[in-house]
Amino acid sequence: LRSPNRAARRAVLEELVEQVGETCNLTIPNNNSVLYLDRVEASWPLRISLGAGSKVPLYASASGKMFLSYLPKRSRERFLRVTPLIRHTQNTLTDPSRLSREFEQIRANGYSVDNEEYLAGICCLAVPVRDSDGRVVAGVAVHAPATRMRLDQAMEFLPTLRQAADAISQTIDW
């Protein structure tokens, strides 16, 4: 994903932030973490400091759960079997069967949420970026303090996030 099209992807994220008014990220899976490739901050004084290069756990973030949900079932099951599921907040999903059900729901809905699962007080919504064969290769996410954006409010951004993900998929050299 590091290519001459990085500026085009950045422009899509900047436009997305303008439309939704909250911080947006472009993420990829990286071992057992989510890696932030790019991030455009909203201009609010209260925000989370996770810049490009930051990593968060797959199972406790919207992008990460989305990546896990699109893995082959065997790979998902192996992940749940071997990965220590550490509770980061009171909302972190640490029960493998509950996470497994969540993965099925994510596949059915085509989006994922983080309801204060990694950082207390932070909600997130993520959608997949797909390659030309339909494989999920990255994610576009919006997140904000729950006091400013509840999950039901974030859902209003779903069509806009999906448009941004489609635009970003056009910038990736397959």
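The values are calculated or read from the model by the stated rules, or taken from the named source; none is laboratory data. None of these values were measured; they are calculated from a predicted model. With ideal geometry, Cβ positions are generated from the backbone for all residues, glycine too; neighbour counts draw on all protein chains shown. Each accessible area value is taken on the protein alone, full model and side chains, heavy atoms only, with ligands, DNA and RNA left out. Shrake-Rupley method; radii C 1.70, N 1.55, O 1.52, S 1.80 Å.
Per-structure values
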read-out: Lys, Arg +1 and Asp, Glu -1 on Cβ, resulting dipole of the chain about Cα centre, debye, nearest 20; value: 640 debye
read-out: Accessible heavy-atom area order of Thr23, Thr160, highest first, probe of 1.4 Å; value: Thr160, Thr23
read-out: Simple label model, 7 Å out from Cα along Cβ direction - Asn31 to Ser132, nm; value: 3.2 nm
read-out: Simple label model, 7 Å out from Cα along Cβ direction - Arg107 to Gln19, nm; value: 2.8 nm
read-out: 28 Å tail of the calculated P(r), the chain, as % of Cα pairs; value: 16 percent
read-out: Chain lengthening between Val82 and Glu41 when straightened (0.36 nm per residue, less Cα-Cα); value: 11.3 nm
read-out: Contour minus Cα-Cα distance for Arg98 and Arg148 (0.36 nm per residue); value: 15.2 nm
read-out: With every protein chain in place, the chain: carbon and sulfur % of accessible area (1.4 Å); value: 47 percent
